[in-house]
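The values are calculated or read from the model by the stated rules, or taken from the named source; none is laboratory data. Keep in mind that what you see is a predicted model, and the values were worked out from it rather than measured. When we count neighbours, we look across all protein chains shown, and the Cβ atoms used for this are built from the backbone with ideal geometry, even at glycine. For accessibility, only protein heavy atoms count, side chains too; no ligands or nucleic acids. Shrake-Rupley method; radii C 1.70, N 1.55, O 1.52, S 1.80 Å.
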Amino acid sequence: MQPNHYLNFQGETEAAFNFYRSVFGGEFSFIKRYSELPDAQISEKEKNYILHVSLPINPFTVLMGSDTTEQFCAPQSAPFSKGTNHYISINLDADEQAEARRLFDALSENGQVEMALENTFWGALYGAFTDQFGIRWMVNCQLETE
């Protein structure tokens, strides 16, 4: 079993995932647009929206996402709200402090830092922020203890 994060956006999936790809590297393993759905009645505005995208960010994790549309949201669903499109923060555990700093600096660019990346009392380098697309992240790197 491999748990993965699935993110929803409203017309920003392509920009968000191009940004995430610039941070993590790699290539999309899958990308489809709403315009590729057979017989779908998609508005001109939404036809280029992302139906589904997958970006492997390491050998064990795939970051996935899509744009929401009025047609494909369940009637009982709450309306899309930026910042609540992911229920928990994504935690990244880095093996090295340099990688933790790189991830924190790159992903938090144009975002809002909640807690600066710093050494903590629990023996880790840790920081938290919301990125420019409204996704909450935590970066953690366990410091070596003597």
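Things worth noting here:
- Leading residue by the ranking (nearest to the chain's Cα centre (by Cα)) among those in the range 97-138 that are under 28 Å from Gly65 (Cα atoms) and either open to solvent by 90 Å² or more (accessible area, probe 1.4 Å) or in the same structural domain as Gly25 (by the TED database) (or both): Arg136
- Some residue of the range 76-85 being within 21 Å of Phe60 (Cβ to Cβ), open to solvent by 40 Å² or more (accessible area, probe 1.4 Å), within 14 Å of the chain's Cα centre (by Cα) and at pLDDT below 90: no
- Some residue of the range 6-21 being at pLDDT below 90, assigned to a strand (DSSP E or B) and exposed (fewer than 15 other Cβ atoms within 10 Å of the Cβ): yes
- Note on the range 96-146: among residues that are charged (D, E, K, R), assigned to a loop (DSSP other than H, G, I, E, B) and at pLDDT below 90, the one that is farthest from Glu12 (Cα to Cα) is Glu146.
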